[in-house]
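The values are calculated or read from the model by the stated rules, or taken from the named source; none is laboratory data. These numbers come from a predicted model, not from an experiment. For neighbour counting, all protein chains shown are included, and Cβ atoms are generated from backbone atoms with ideal geometry for every residue, glycine included.
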């Protein structure tokens, strides 16, 4: 089992943490991801994921991806305030900003090719905080989860379901995990969680963005 993991109570606000993942494409390790959650100012929280290419073509191209989310707690939901995505590599750079004006009930997205706006939905998350929102929902023993997710042009209702219980081996250790799959889209998303022990998945696999898998290496709870 993974030592040092906090027990998460259903109604508690999570404490900050830093998690390290190994990133694989197929069976080959190509990088490392650092995921961090900490409290910000004025009641906001900051959730970030930084992926650095360390092997293979990702290292050759110097490919690094950073994603930073600001949110506020609405019950046990990380309701989106802003999201920033940045890709840097030898071949191309890519940037996207998402901001929510809750007073105007409007989402603005700018990817450098013109700003898009659409109506916000209470309790919505975005792509970076989706795994965190799923982990929080699993604390309540939910078997089916629907999340309003702010994407490029709209708020999508994404559906997820607990499909199995499986033993999972990752660099951090061996776990008896529940498998969660996205059920409303053809693009694959599967994540393995240990509810009550850890809010993020110990393993995550998704085909959107290059058939990547993340496996937990280490976790450190912030004081």
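Side notes on the structure shown:
- Those residues of the range 185-206 which are surrounded by 13 or more Cβ atoms within 10 Å (Cβ to Cβ) and in a loop (DSSP other than H, G, I, E, B), in sequence order: 194, 195, 196, 197, 198, 199, 200, 201, 202
- Taking the range 106-170 and the strands (runs of 3 or more DSSP E) fully enclosed by it, the elements with 1 or more residues that are touching a helix residue (DSSP H, G or I) at 6+ places or on another chain (Cβ under 9 Å) and more than 13 Å from residue 191 (Cβ to Cβ) are at 144-150.
- Sole exception among (1) within 16 Å of the chain's Cα centre (by Cα); (2) closer than 22 Å to residue 205 by Cα; (3) surrounded by 15 or more Cβ atoms within 10 Å (Cβ to Cβ) for residue 79, by number: (2)
- Within the range 70-91, residues that are touching a residue at least 60 places away in the same chain (Cβ under 8 Å) and at negative phi have Cβ atoms under 6 Å from residues that are in a strand (DSSP E or B) and surrounded by 16 or more Cβ atoms within 10 Å (Cβ to Cβ) in these pairs: 80/71; 80/100; 80/125; 80/126; 80/150; 83/69; 83/98; 83/126, counting only partners at least 6 apart in sequence or on another chain.
Table: residues versus (1) modelled with pLDDT of 85 or more; (2) within 30 Å of residue 91 (Cα to Cα); (3) in contact with a helix residue (DSSP H, G or I) (Cβ under 9 Å, 6 or more places away or on another chain); (4) buried (at least 16 other Cβ atoms within 10 Å of the Cβ).
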{"residue": "14", "(1), (2), (3), (4)": "no, no, yes, yes"}
{"residue": "33", "(1), (2), (3), (4)": "yes, yes, no, yes"}
{"residue": "43", "(1), (2), (3), (4)": "yes, no, no, no"}
{"residue": "47", "(1), (2), (3), (4)": "yes, yes, yes, yes"}
{"residue": "57", "(1), (2), (3), (4)": "no, yes, no, no"}
{"residue": "67", "(1), (2), (3), (4)": "yes, yes, no, yes"}
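- A single entry from 33, 39, 63 fulfils the requirement of being touching a strand residue (DSSP E or B) at 6+ places or on another chain (Cβ under 7 Å) and over 30 Å from residue 148 (Cβ atoms): 63.
Condition check ((1) within 24 Å of residue 47 (Cα to Cα); (2) in contact (Cβ under 8 Å) with a residue 40 or more places away in the chain; (3) out of contact with any strand residue (DSSP E or B) (no Cβ under 9 Å at 6 or more places or on another chain); (4) loosely packed, with under 12 Cβ neighbours inside 10 Å) across all residues:
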| residue | (1), (2), (3), (4) |
| --- | --- |
| 118 | yes, no, no, no |
| 123 | yes, yes, no, no |
| 127 | yes, yes, no, no |
| 142 | yes, no, no, no |
| 148 | yes, no, no, no |
| 155 | yes, yes, no, no |
| 163 | no, no, no, no |
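- Test: residue in the range 198-218 that is farther than 26 Å from residue 52 by Cα and in contact with a helix residue (DSSP H, G or I) (Cβ under 8 Å, 6 or more places away or on another chain): no
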